[in-house]
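Structure, as structure tokens:
The values are calculated or read from the model by the stated rules, or taken from the named source; none is laboratory data. Because the structure is a prediction, the values reported are computed rather than measured. Here the Cβ positions follow ideal geometry from the backbone for every residue, glycine too, while neighbour counts run over all protein chains shown.
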Amino acid sequence: MTATIKQITRGDLACWEIRHRNQTLVIAEQGAQVLEYQRDGEHPLIWLSEEAAYHRGQGVRGGVPVCWPWFGGLDFNPKEIRQQYALAEPPAHGLVRQQPWVLQHRQEEADGITLRFGLSDQADRQSLPPVEPTLTVRLDDGLSLALNNHNHGNTPVWISQALHSYFAVSDSRQVTVHGLDTCPYVDALNDWQPHRQHGPLTVVGETDRLYLQLPDTLHIDDPGWQRRLTLSASGSRSAVVWNPWVDKSRRLTQFAGDAWQRMLCIETARVLDNALLLGPGEQHSMVVRFVTTAL
Ligand SMILES: O=P(O)(O)OC[C@H]1O[C@@H](O)[C@H](O)[C@@H](O)[C@@H]1O
């Protein structure tokens with residue numbers, strides 16, 4: 001066994017701290033939210049806000065929130081998803097990131113450790129569809145996250161979802177995102193109009209885009225830290241690229257005014273026409289793996 005796993009607390013939240021080789025991973029039971037992931041002596045791979053607050057029932061800014069069973073504002077989702085819910089004030093990013101989850105299973109092997117989280121019996125399931133979400137987290141030479149859905153009901157269910165990864169970067173203005181070239185995207189900041197990407201993406205202002213028809217692999221090249229971060233996804237053809245830039249940073253909770261310079265979100269997703277339709281009894285897994293290499 002090369003991994004050690006320890007129960008810790010951050011503020012009000014019970015968390016797991018996993019050490020494997022030279023890596024540390026911290027996951028909060030609430031929301032099954034990855035909070036930290038870093039190799040000893042290196043810059044963090046996942047960004048966690050310096051102003052993060054750890055309260056029950058409140059999402060933590062940074063890490064990898066699980067957005068489910070809808071992504072973003074419910075009103076901006078396809079009709080098939082919207083009509084499944086009758087909530088007066090549907091929260092952004094769905095219903096489970098502030099809910100209690102539990103560690104259901106752990107498996108340690110010579111080359112890594114796998115943890116599976118599922119919603120706790122204490123979770124408020126009132127408005128949830130009859131679909132069971134689980135998050136499988138595997139730490140070996142990199143970090144892999146699998147968001148699994150299993151429809152236990154008798155009717156088909158539409159889901160939109162994201163693993164809302166906040167990546168740590170040396171300077172969001174200096175990094176380039178590769179793999180988006182020629183892909184269509186919808187710009188949430190320009191009336192949800194369709195566009196098409198040409199070449200790599202450099203962030204030059206507030207950015208909030210839903211990319212579609214993506215290849216399996218995207219990269220963030222970070223010249224400041226001489227590092228390439230590779231995201232390899234399966235079971236997903238969409239991702240959200242988000243950076244709040246100057247003005248929106250001031251309006252965000254748990255977010256320093258200049259923190260937009262230190263983070264970039266690339267959120268592996270199933271959104272818009274890539275939303276997931278699960279028939280009765282069907283299962284689906286959306287997997288993403290994060291690995292860094294020298295640039
Ligand atoms: O503040 P929240 O609810 O965690 O959302 C943060 C951001 O999440 C991103 O995924 C959205 O595209 C943004 O529009 C949103 O502002």
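Brief remarks follow.
- Any pair with Cβ under 7 angstrom, 6 or more apart, that starts in the range 205-217 at a residue that is β-branched (V, I, T) and ends at one that is part of a loop (DSSP other than H, G, I, E, B) and surrounded by 16 or more Cβ atoms within 10 Å (Cβ to Cβ): T217/G179
- Taking each residue of the range 63-92 that is on the phi < 0 side of the Ramachandran plot and looking for partners that are assigned to a helix (DSSP H, G or I) and acidic (D, E) with beta-carbon atoms closer than 9 Å, six or more apart or interchain, yields P78/D273; R82/D75; P90/D75.
- Exactly one residue out of A92, A123 is within 16 Å of the ligand (Cβ to nearest atom) and not in a strand (DSSP E or B), and it is A92.
- In this structure, R61 qualifies as within 12 Å of the ligand (Cβ to nearest atom), basic (K, R) and at pLDDT 95 or above.
- Summed over the range 237-270, residues that are over 30 Å from V157 (Cβ atoms) and more than 10 Å from the ligand (Cβ to nearest atom) total 14.
- Considered as a group, the residues in the range 22-49 that are within 16 Å of the ligand (Cβ to nearest atom) and not in a strand (DSSP E or B) include one that is surrounded by the fewest Cβ atoms within 10 Å (Cβ to Cβ), and that residue is S49.
- Checklist (1) of a type outside the set (D, E); (2) touching a helix residue (DSSP H, G or I) at 6+ places or on another chain (Cβ under 9 Å); (3) without any contact (Cβ under 8 Å) to a residue 24 or more places away in the chain applied to Q126, failing item: (2)
- Pairs linking a residue in the range 232-261 that is under 15 Å from L48 (Cβ atoms) to a residue that is within 12 Å of the ligand (Cβ to nearest atom) and assigned to a strand (DSSP E or B), with Cβ atoms under 6 Å and 6 or more positions apart or on different chains, are W260/N243.
- Qualifying residue in the range 69-85 (condition: touching a Leu at 6+ places or on another chain (Cβ under 7 Å) and either small (G, A, S) or crowded, with 23+ Cβ neighbours inside 10 Å (or both)): yes
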